[in-house]
1. Relative to a virtual label point 7 Å from the Cα of Phe191 in the Cα→beta-carbon direction, which members of the range 93-113 show backbone nitrogen distances below 20 Å?
2. From the Cα gyration tensor of the range 53-192, with a ≥ b ≥ c the square roots of its eigenvalues, which class applies: rounded if a/c is under 1.5, or else prolate if a/b is larger than b/c, or else oblate?
3. Counting Lys +1, Arg +1, Asp -1, Glu -1, what net charge surrounds His28 among other residues with beta carbon under 12 Å of its beta carbon?
4. Mean residue ellipticity at 222 nm from the helices of the chain, using -39,500 (n - 2.57) per DSSP H segment of n ≥ 4 over the full residue count, to the nearest 500 deg cm²/dmol?
5. Apply 1/(1 + (r/R0)^6) to the Cβ-Cβ distance of Glu84 and Leu108, taking R0 = 35 Å, and write down the FRET efficiency to the nearest 0.05.
6. What is the order of Ser93, Ser78, fewest Cβ neighbours within 10 Å to most?
7. Relative contact order of the chain, please, whole-number percent, based on alpha carbon pairs below 8 angstrom and at least 6 residues apart.
8. Helix 53-76 versus the longest principal axis of the chain: what angle, 0 to 90°, nearest 10, using Cα atoms?
Amino acid sequence: MAKQRTPPPGQIKIKKAFLELMKTKDFHSITTAVIANQAGVTEGLIYKYFRDKKDLLYQVLEDYFNAFQETIETKIQSTDSSIEKLKIIIATSLASYTGNRVFARILLLEVRSAPEYFHCSAYRMVQRYARTILDIIRQGINNNEISREVDPKVLRKVILGAIEHACLGEILFNRDIDTETVSDNVCHIIFKGAQS
């Protein structure tokens with residue numbers, strides 16, 4: 001396996017500066033000049049590593065998704081149960097969104113209105129995450145953990161929608177959220193049902 005190259009220091013500084021700025025500003029109000037000033041580099045250096053500001057955003061998102069996917073894949077190895085794997089993904093996703101609110105805001109609000117986002121490498125990582133969920137659901141159906149009457153793609157949509165809506169308001173309005181309790185409630189409704 002090839003060893004990953006460490007990114008150049010200037011590239012790291014630019015990404016860190018951009019993330020710091022995103023904590024207090026929206027994407028469209030941040031200029032490359034402001035990013036360069038925050039990073040302590042020349043504006044030209046930004047264009048050495050990134051095509052434009054959107055490319056910087058997508059590369060930062062890709063870094064985040066790579067780390068997140070690695071976390072998911074490591075955690076789900078602890079069990080053979082498909083239901084338990086899905087519970088781990090739900091809990092980890094909620095914790096990640098609420099623990100990394102800058103990324104959550106970027107993902108949930110900033111990028112989805114841009115058509116080019118759906119062709120970038122960061123979105124391919126989102127697709128990988130979604131495929132992981134779908135594969136686990138299908139495995140659960142094959143192992144008789146999940147009913148064969150369940151449409152795997154619909155269940156995936158339910159899971160993804162529940163994760164986002166369970167924490168969206170808290171992220172937008174910077175409210176506290178008990179991710180463990182919310183995750184338990186979401187899992188109970190999805191896997192046990194709401195009927196008494």
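1. 93-97
2. Working: a/c = 1.89, a/b = 1.42, b/c = 1.33.
Cα axes put the range 53-192 in the prolate bin.
3. Working: positive: Lys25, Lys53, Lys54; negative: Asp26, Glu110.
Result for the local shell: +1.
4. Details: 9 runs with 133 residues, N = 196.
My calculation for the chain gives -22000 deg cm²/dmol from helical runs alone.
5. Given R0 = 35 Å and the Cβ-Cβ separation, E is 0.85.
6. Ser78, Ser93
7. Values: 144 pairs, mean separation 41.9, N = 196.
Once divided by the residue count of the chain, the mean separation gives 21 percent.
8. 30
Laboratory data are not the source of any read-out in this text; all were calculated from the coordinates shown. Here the structure is a predicted model, which means the values were calculated and not measured. We place every Cβ from the backbone using ideal geometry, glycine too, and count neighbours over all the protein chains shown.
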